[in-house]
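Structure first, then comments.
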Amino acid sequence: MIRSMKRAFALVISIFCMITITLPLAAQDGASILSLDGVWQLRMQGSKKIHNAVVPGSVQLDLLRNNVIPDPFYADFEEKLQWISDTGWVYEKYFELDRDFFANRNIQLVCEGIDTYANVYINDSLVITADNMFKTWYANTKHYLRIGYNRIKIEFPSITKLNKAFYDKLPYKLPGDERMVCRKAAYQFGWDWGPRFVTMGIWRPIYIKYWKYVDVLGVNFIQKSLTDSLARMSASFIVVSTLPDTAEFKLMFDSTVFFEGRELLTKGVNSIRIDFDMTNPKRWWPNGMGAPTRYNLGYQVWFAGRKEAEGHQKVGLRTVELVQEPDSVGKSFYLKINDVPVFIRGANYIPMDNFPSRVTDSMYTELIKSVDAANINMLRVWGGGIYENDIFYDLCDEKGIMVWQDFMFANGMLPEEGPFFRSVQDEIIQNIVRLRRHPSIVLWCGNNEIEEGWYNWGWVKDYGYSKEDSSRIFRNYRKIFKELIPYALLRHDTLRPYISTSPMNGWGNEKSLKEGDLHYWGVWWGKEPFDMYNKKVGRFVSEYGFQGFPDYSTIEKVTPPTELKLGSDVMKAHQKHPVGFETIDEYMKRDYKVPEDLETYGYVSQLLQADGLKTAIEAHRRAKPYCMGTMYWQLNDSWPVVSWSTIDYYGKKKAAYYAVSRNYRDFFIVSDMEGDQLKVYATFDEPDNQDANLWVVLADFDGNVLWQEEKPYEFSASRTEVVVDTNLAAFLKSADKSRLFIYTQIKNILGVRASNLYYFVSPKDMKLEKAPIDLVAEKTSNGYSINLYTTKLAKGVYLRTPLQGDFSDNYFDLMPFEEKRIQFNTVEDVDFFQDSIKVISLVDTYLK
């Protein structure tokens with residue numbers, strides 16, 4: 001498999017301190033570390049009152065842990081806790097070092113995440129002045145440490161006061177306001193789905209790194225070229241040596257050594273490149289297109305007869321190309337993975353918590369598991385959040401989930417060059433170098449909606465810029481997104497494409513439907529009807545969405561009982577869009593009978609949200625290959641809130657999640673009526689065409705079949721085709737359309753691969769009757785199997801149980817005389833599971 005090894009060695013003529021600023025530590029493989037995580041002490045600046053603190057964390061979480069503040073997410077406490085970021089805070093910790101520790105020639109303090117402005121002291125000597133949440137900070141500290149007890153102190157001045165001071169010194173005001181002058185997660189200043197909690201603290205690991213002779217700063221396995229028969233590879237090392245001497249390098253496939261070589265290291269920083277070939281390589285494929293194969297490649301560095309460093313990386317081999325070619329309409333916009341065009345079935349991802357340090361590995365695992373189960377093949381890491389933890393990308397690598405990675409800039413203009421620019425430069429390089437090993441990352445994007453705002457949101461007029469100011473501000477923009485980032489990628493990562501901004505054209509611009517990617521917000525912001533999704537189809541729709549309430553159990557967790565009603569102050573506090581409730585209500589009145597109680601209203605709002613996403617996805621997939629991507633806003637929440645998410649803060653899946661799952665299957669089918677003419681569209685998203693059986697039936701809500709057609713069909717992988725085109729006038733003439741539906745299904749030896757329902761009228765005009773739903777549950781190895789059956793159509797069937805677990809499907813329409821089987825995955829084993837399930841459908845909301 002691996003052959004033709006050769007070596008290439010070159011000295012990097014660089015200053016060591018510059019390297020340590022820009023290169024993050026590679027898996028702690030070249031040195032030992034002394035963790036400083038765990039228990040610290042926290043106090044308010046100027047106060048002697050001390051609280052126990054936990055690192056990684058934040059001031060807010062430590063105050064919560066010490067019962068100084070209530071749960072920030074509960075009720076309307078958000079507004080009452082803003083004083084925390086208006087105050088300075090101090091973290092301190094003592095640690096002991098023995099005499100042997102100082103035998104190490106190199107001792108370095110490493111702070112992987114300081115949020116955001118801070119002065120770091122070792123034994124009262126200032127060693128780091130931090131100003132960027134997204135950077136790893138380093139300081140050589142051997143001369144500041146001593147035998148015995150040592151003290152590390154980190155002072156955090158008020159971030160809001162510093163931001164205001166910096167902002168007030170600018171010669172002009174900037175769109176995005178004070179959050180744009182600091183390098184911190186933008187969403188923590190508040191968004192139209194998130195609260196304002198401006199965190200401070202040590203939010204990622206902090207440790208002392210030490211070594212005697214050799215440290216490996218970074219290892220990068222580079223794919224130079226890839227064919228079905230051969231992958232040409234390089235292992236690139238950045239190695240620091242304290243002595244000029246010979247080092248031995250070993251490369252392993254799993255635990256088998258396939259390369260050994262020796263070379264003289266010079267004192268200082270060395271760049272080592274080892275070239276090797278892999279024959280008949282297996283490729284990494286996206287979810288639904290093949291196996292996401294990765295190779296376990298390892299390395300060792302020996303120096304003076306001692307193993308100084310070792311590690312491994314899981315390496316995925318694949319090619320990626322962003323195709324933007326002129327055509328008869330405008331210009332294409334799609335991704336090719338391994339030379340195969342891929343239709344993107346995606347979602348926009350935001351940080352999982354407003355306090356990101358408390359997101360656990362198991363939470364990441366559960367979320368990506370849900371992403372995989374929903375047939376999603378791409379997540380966009382949105383530019384107002386954070387560069388995610390390594391485990392997020394590792395899980396995406398493992399599951400074949402492609403990542404569109406924004407750099408962390410969103411919705412505002414940036415200050416001029418100087419210290420801010422240099423900090424951004426380090427941030428960009430560090431995160432490229434850290435993330436480039438992940439095959440899941442297939443696209444870099446400079447920012448979210450900054451060009452859109454500059455050209456289409458009236459910023460120049462609203463802020464009263466002169467021609468000179470306007471030119472100066474946009475020149476700063478170009479410096480980062482058209483020069484700095486492309487140049488950094490050219491130097492550090494050429495294996496994936498880059499676009500400078502998203503969207504490339506605003507949704508009010510005619511070009512947005514003909515080229516580039518599109519954020520379409522005519523639905524919701526423009527209050528256009530859902531049907532407008534069928535008319536506003538772009539080449540790649542990277543944002544669209546609609547709000548729905550979270551699960552009622554989520555609302556109960558953060559709402560006092562007296563506030564569990566529509567329009568209460570607490571409910572308003574957990575809706576961040578200025579006209580969010582008004583917009584949901586307006587759309588609901590169009591299509592549904594509007595409930596009056598909170599729980600039922602929330603349920604109907606979820607059905608409404610699901611309708612919106614379903615309509616959009618159907619429009620985008622129906623237009624394949626003109627449209628080659630659909631990514632809804634948004635996958636998840638950062639706190640309990642009424643929002644666009646399909647999974648709420650506590651992991652409860654909304655109706656829209658299940659609607660997405662059904663419409664993101666590899667087979668796709670949808671019906672459309674043009675007068676009395678029925679057209680059925682279908683496609684298959686894997687690389688090759690697929691044979692299956694097609695079934696289309698026109699029936700009434702009692703299960704009486706008026707017309708049907710069944711036939712074998714070869715479904716196209718390259719485009720969506722009309723697979724049925726027939727006139728139903730004879731069957732519709734005397735029928736009551738308020739009691740009719742069209743059911744479409746694709747089935748092969750693996751079972752039902754896709755299905756869909758079409759209704760002739762909106763839900764509020766359907767003549768629904770109470771459906772008798774039979775439910776039988778049986779114990780399985782991983783939970784319970786649930787069989788459901790009815791003799792009448794049941795719309796919006798919602799299953800709920802107090803037990804902890806996850807339904808494989810929910811909020812579905814149950815057809816008459818067809819058994820449906822779903823799974824409830826849980827570790828709980830109880831005798832009363834079947835009795836614990838509450839079943840409601842849409843008609844039940846009419847009977848209240």
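The values are calculated or read from the model by the stated rules, or taken from the named source; none is laboratory data. Keep in mind it's a predicted model, so treat the numbers as computed, not measured. Neighbour counts run over all protein chains shown; Cβ positions are idealised from the backbone, glycine included. Note: accessible area is taken over every heavy atom of the protein model, side chains too, but ligands, DNA and RNA are not part of it. Shrake-Rupley method; radii C 1.70, N 1.55, O 1.52, S 1.80 Å.
Rounded to the nearest Hz, the phi-derived 3J(HN,Hα) couplings of region 173-184 under the Karplus curve 6.51 cos²θ - 1.76 cosθ + 1.60 (θ = phi - 60°) are 7, 10, x, x, 6, 5, 5, 7, 8, 10, 9, 8, where x marks glycine and proline. Amide H contacts of residue 740 (H built 1.01 Å from N, in plane; Pro and chain starts excluded): 760 sit under 5 Å, all sequence-distant by 5 or more or on other chains.
Pairwise inverse Cα distances across region 788-848, averaged and inverted, put the Kirkwood hydrodynamic radius at 12.6 Å. Can you give the FRET efficiency to the nearest 0.05 for residue 525 and residue 32, using r as the Cβ-Cβ distance and R₀ = 60 Å? Taking R0 as 60 Å, the efficiency between residue 525 and residue 32 is 0.65.
Checked against a 18 Å cut-off, the cross-linked pairs 514/535; 93/153; 173/461; 767/792; 572/654 give Cα-Cα distances beyond that limit for 572/654.
Seen against the Cα atoms of the chain and their longest principal axis, helix 361-373 is set at about 40 degrees. Fully extending the segment from residue 782 to residue 711, taken as 0.36 nm per residue of separation minus the present Cα-Cα distance, adds 21.9 nm. Please give the FRET efficiency for residue 456 paired with residue 391, using the beta carbon to beta carbon distance and R0 = 41 Å, rounded to the nearest 0.05. The computed FRET efficiency comes out at 0.65. Using 20 Å as the cut-off for backbone N distance, which residues of region 666-686 belong to the label zone defined by a point 7 Å from the Cα of residue 726 along Cα→Cβ? 668-683, by backbone N distance to the label point. Taking the average, over residues, of other Cβ atoms within 10 Å as the packing measure, peptides 630-643, 201-214, 288-301 rank 630-643, 201-214, 288-301 from highest down. Put the Cα centre of region 812-844 next to the Cα centre of region 734-807 and the gap is 10 Å.
Look at where the Cα atoms of region 634-677 and of region 394-412 average out, and the two centres are 20 Å apart.
Computed with a 1.4 Å probe on the full set of protein chains, the accessible area for residue 492 sits at about 40 Å². The overall shape of region 416-516, judged from the alpha-carbon gyration tensor, is oblate: a/c is not under 1.5, and a/b is no greater than b/c. Restricting to DSSP H runs of at least four residues, report the calculated mean residue ellipticity at 222 nm for the chain, -39500 (n - 2.57) per run over all residues, nearest 500 deg cm²/dmol. Mean residue ellipticity at 222 nm (helix-derived): -5500 deg cm²/dmol.
Computed from phi, the 3J(HN,Hα) profile of region 565-582 under the Karplus parametrisation 6.51, -1.76, 1.60 (θ = phi - 60°) reads 7, 4, x, 5, 4, 5, 4, 5, 5, 9, 9, 9, 7, x, 10, x, 5, 4 Hz, with x in place of Gly and Pro.
Subtracting the Cα-Cα distance of residue 718 and residue 79 from 0.36 nm times their residue separation leaves 224.8 nm of extension gain. Amide H to amide H, with H built 1.01 Å from N, residue 344 comes under 5 Å of 629, 630, counting only residues 5 or more places away or on other chains.
Relative to the longest principal axis of the Cα atoms of the chain, the long axis of helix 390-399 lies at roughly 50 degrees.
Fully extending the segment from residue 770 to residue 398 would add 129.4 nm, taking 0.36 nm per residue of separation and subtracting the current Cα-Cα distance.
Shape analysis of region 313-458 places it in the oblate category; the axes a ≥ b ≥ c from the Cα gyration tensor give an a/c of at least 1.5, with a/b not above b/c. Our coupling estimate for region 457-472, obtained by passing each phi through the Karplus curve with A = 6.51, B = -1.76, C = 1.60 and θ = phi - 60°, is 9, x, 4, 4, 6, 4, 9, x, 6, 6, 4, 5, 4, 4, 5, 5 Hz, Gly and Pro reported as x. Rounded, prolate or oblate: which one fits region 297-363, using the alpha carbon gyration tensor with axes a ≥ b ≥ c (rounded when a/c is under 1.5, else prolate when a/b beats b/c, else oblate)? Cα axes put region 297-363 in the oblate bin. Label-to-label distance for residue 325 and residue 124 is 7.0 nm, based on points extended 7 Å past Cα in the beta-carbon direction. For residue 373 and residue 105, the FRET efficiency from 1/(1 + (r/R0)^6), where r spans their Cβ atoms and R0 equals 45 Å, is about 0.35. To the nearest ten degrees, helix 159-169 and the longest principal axis of the Cα atoms of the chain are 80 degrees apart.
Restricting attention to the chain, close to 90% of DSSP beta bridges with both partner residues there are antiparallel.
For the chain, the relative contact order comes to 10 percent (Cα pairs under 8 Å, sequence separation of at least 6).
May I ask you to give the solvent-accessible area per residue for region 54-121, in square angstrom, as obtained with a 1.4 angstrom probe?
Ligands and nucleic acids excluded, the result is 39 Å² per residue.
Peptides 604-614, 544-554, 684-694, 62-72, ordered by how many other C-beta atoms sit within 10 Å of their residues on average, highest first, read 604-614, 544-554, 684-694, 62-72.
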